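The values are calculated or read from the model by the stated rules, or taken from the named source; none is laboratory data. Being a predicted model, the structure only gives us computed values, none of them experimental. We place every Cβ from the backbone using ideal geometry, glycine too, and count neighbours over all the protein chains shown. All accessible areas refer to the heavy atoms of the entire protein, side chains included, with ligands and DNA or RNA removed. Shrake-Rupley method; radii C 1.70, N 1.55, O 1.52, S 1.80 Å.
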Amino acid sequence: MAAALAMAAACSNDDETTEQVPTQTQRPLTINVAENPFVNPDGSRSTRGEILTTSSTSFNAFTMHYVYGSSSSDPITVSKSNGKWSSTEPWPDTDDKVKWYAHTGGTFNLTDGPYLHFAVEKTVAYQKDLLVATTADTWAHYSGKLSFTFDHACAALRFHMKKAKNLSDYTLTVSEVKLCHVVKAGDYYYSTTSWILGTEMADYPLFSGSKTLGYTDYEAMDTNESTAYLFLIPQTLTAWNGSGSPTSTYLELDCTIKSGDTQVHSGKAYIPFGATLEKGTQYDVRLNIGKNSLYDCDGTKIIN
């Protein structure tokens with residue numbers, strides 16, 4: 001009987017010990033996302049898409065990273081479903097301040113940063129805008145809630161063309177337009193919200209088709225509305241000076257020019273182009289193409 005009681009007591013102690021094993025600390029994470037719209041330098045121009053409210057975004061997923069002390073995370077994917085943003089990653093188990101870095105593209109680098117390396121796709125239809133956000137706080141203050149407000153790190157650019165009045169007696173038909181000699185990649189630094197440009201250049205096709213330009217109404221140099229804007233790394237575009245072979249930045253047109261029934265030109269024509277492009281800004285560029293605008297490949301004017 002004593003042996004049976006002793007065994008029962010042992011079993012009772014084992015059950016009690018199992019119930020007292022502490023559970024691991026869980027720190028759930030909730031995420032709120034907003035997006036600032038592009039700035040429009042001229043209020044009379046149409047905005048890129050609808051003006052986004054604090055609950056609307058132009059993307060459905062992004063990547064984030066956290067850093068605290070000497071610890072950092074692997075990339076964490078956050079996605080949107082049924083109007084809610086979610087991630088399986090919990091808030092890190094620390095009472096220190098945690099810094100969070102979010103982005104919709106590019107390659108995140110923590111060393112000498114943090115910064116994002118980002119390159120613009122050459123084909124406009126495949127381009128994606130780069131949006132960035134950052135925040136930092138402690139679990140005690142945030143209670144597991146992250147609020148990101150994303151900003152556009154690129155510039156958006158769209159071209160419209162018409163003839164100037166001094167070309168009104170000529171017929172100008174455009175079949176292709178490219179923006180040439182533009183820096184294609186760079187590093188975006190979160191701490192300064194600024195870019196360090198790379199050195200590789202690219203040419204970006206804007207339009208392919210056939211448009212005969214008039215001298216009263218502008219024609220949009222895009223194929224369809226869904227790919228109307230070109231995303232570019234913010235930079236200063238220095239216009240080609242029209243001397244010798246085209247260098248610096250210029251527009252390349254495949255076009256035919258006629259004076260009455262006489263063909264004046266058929267093939268490439270070059271227009272010097274310069275601008276300062278700022279991040280988060282949308283530009284609708286309107287070009288009046290006149291006799292002094294069009295150059296041949298050797299820098300001579302096509303129409304004297």
(request) Scan around LEU206 for amide H atoms under 5 Å from its own, H built in the peptide plane at 1.01 Å from N, and keep only partners 5 or more places away or cross-chain. (result) VAL177, LYS178, LEU179
(message) Is the C-alpha gyration tensor of the stretch 155-304 telling us rounded, prolate or oblate? Criteria: a/c under 1.5 is rounded; beyond that, a/b larger than b/c is prolate, otherwise oblate.
(response) prolate
(request) Lys and Arg at +1, Asp and Glu at -1: add these up for the other residues within a Cβ distance under 13 Å of CYS297 and post the number. (result) -2
(message) Just to be sure I understand the model, the point goes 7 Å from the Cα along the line to the Cβ. What's the resulting GLU121 to ASP203 distance in nm?
(response) 2.1
(request) Give the peptides 136-148, 280-292 in descending order of average Cβ contacts within 10 Å, highest first. (result) 280-292, 136-148
(request) Mind listing the long-range amide H neighbours of CYS154? Cut-off is under 5 Å, sequence gap 5 or more, other chains count too, H placed in the peptide plane at 1.01 Å from N. (result) LEU130, GLY280
(message) Between SER194 and THR276, what is the label-point separation in nm under the 7 Å Cα-to-beta-carbon projection?
(response) 1.3
(message) If you split all Cα-Cα distances of the stretch 49-208 into 5 Å bins from zero, what percentages do you get per bin, shortest first?
(response) 2, 7, 14, 16, 16, 14, 10, 7, 5, 4, 3, 2, 1, 1, 0
(message) Quick query: amide H of MET221 versus all other amide H atoms, modeled in the peptide plane; which residues come in under 5 Å with a sequence gap of 5 or more or a different chain?
(response) PHE159, HIS160, MET161
(message) For the stretch 148-304, what does the accessible surface come to per residue with a 1.4 Å probe? Please give it in Å².
(response) 44
(message) At 0.36 nm per residue, and after removing the present C-alpha to C-alpha distance, how many nm does the segment from ALA239 to VAL264 gain when stretched out fully?
(response) 6.5 nm
(message) Using the Karplus curve 6.51 cos²θ - 1.76 cosθ + 1.60 with θ = phi - 60°, what ³J(HN,Hα) values do you get for each residue of the stretch 94-107, in whole Hz, with x for Gly and Pro?
(response) 8, 9, 6, 5, 10, 9, 10, 10, 10, 6, 9, x, x, 10
(message) Please list, in order along the stretch 251-259, the HN-Hα scalar couplings obtained from phi with the Karplus expression 6.51 cos²θ - 1.76 cosθ + 1.60 (θ = phi - 60°), rounded to whole Hz, x for Gly and Pro.
(response) 9, 10, 10, 8, 7, 10, 10, 10, 10
(message) If you roll a 1.4 angstrom probe over the protein chains with everything in place, what fraction of the accessible area of the stretch 168-236 belongs to carbon and sulfur, to the nearest %?
(response) 45
(request) Can you bin the stretch 223-288 into rounded, prolate or oblate? Criterion: square roots of the alpha carbon gyration tensor eigenvalues sorted a ≥ b ≥ c, rounded for a/c under 1.5, prolate for a/b above b/c, oblate for the rest. (result) oblate
